[in-house]
Amino acid sequence: MLEAARQVRFRLCDHQHGKLREETGVIANALEVFTAVDAISANPDSTDAYHFVLLVVLCEWVSGEPLADDDALETRWFDMETLLSDETVKSLAVDRVAKKALALAGQRMQASL
């Protein structure tokens, strides 16, 4: 872990900014990393399992409309009501992360007044 940390040449927010543009076409300012999500994928037919740690970054939209690239099945904007609906198919922990992002964005707005 320490070896990997010494070789990093970018800030997490800077890296996420590039990944967002690359994977969705959206340009945004990365404001802060605010949580992480464990994603464990196990294949029941083998002993293979993968553990990903997804870092979640609060971003401020600048431009672009979402367009799914090869890493995403679908990319689009949601209002919170639709996003949090049980009818909406979504990835792991989206509800928890979206609520946390909304609260954090509200705190940042309050602090800037």
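The values are calculated or read from the model by the stated rules, or taken from the named source; none is laboratory data. These figures come from a predicted structure and were not determined experimentally. Counting neighbours? That spans all protein chains shown, and the Cβs are built from the backbone with ideal geometry, glycine included.
Look at P66 and say whether it is more than 18 Å from the chain's Cα centre (by Cα) and either at pLDDT below 95 or surrounded by 11 or more Cβ atoms within 10 Å (Cβ to Cβ) (or both).
Numbers: more than 18 Å from the chain's Cα centre (by Cα): no; either at pLDDT below 95 or surrounded by 11 or more Cβ atoms within 10 Å (Cβ to Cβ) (or both): yes.
No, not satisfied.
In this structure, does V56 turn out to be surrounded by 13 or more Cβ atoms within 10 Å (Cβ to Cβ) and at pLDDT 85 or above? Talk me through it step by step, then tell me what you get.
On the way: surrounded by 13 or more Cβ atoms within 10 Å (Cβ to Cβ): yes; at pLDDT 85 or above: yes.
Yes, satisfied.
List every residue pair whose Cβ atoms lie under 6 Å apart, where the two residues are 6 or more positions apart in sequence or sit on different chains, the first residue falls within region 87-100 and is at pLDDT 95 or above, and the second residue, located anywhere, is hydroxyl-bearing (S, T, Y) and part of a helix (DSSP H, G or I).
Note: no pairs meet the criteria.
If I ask for residues that are under 14 Å from the mean Cα position of the chain (by Cα) and either of a type outside the set (S, T, N, Q) or more than 20 Å from L20 (Cβ to Cβ) (or both), which ones from region 79-97 would you list?
Those that are under 14 Å from the mean Cα position of the chain (by Cα) and either of a type outside the set (S, T, N, Q) or more than 20 Å from L20 (Cβ to Cβ) (or both): K90, L92, A93, V94, D95, R96, V97.
Is there any pair with a first residue in region 26-45 that is free of Cβ contacts under 8 Å to residues at least 40 places away in the same chain and a second that is small (G, A, S) and assigned to a loop (DSSP other than H, G, I, E, B) whose Cβ atoms are under 6 Å apart and which are 6 or more apart or on different chains, and what are they?
I27/G64
Give just the number: which of (1) in a helix (DSSP H, G or I); (2) in contact with a helix residue (DSSP H, G or I) (Cβ under 9 Å, 6 or more places away or on another chain) does A101 not satisfy?
Only one criterion is unmet by A101, namely (2).
Looking only at region 31-81, count how many residues are of a type in the set (D, E) and in a strand (DSSP E or B).
3
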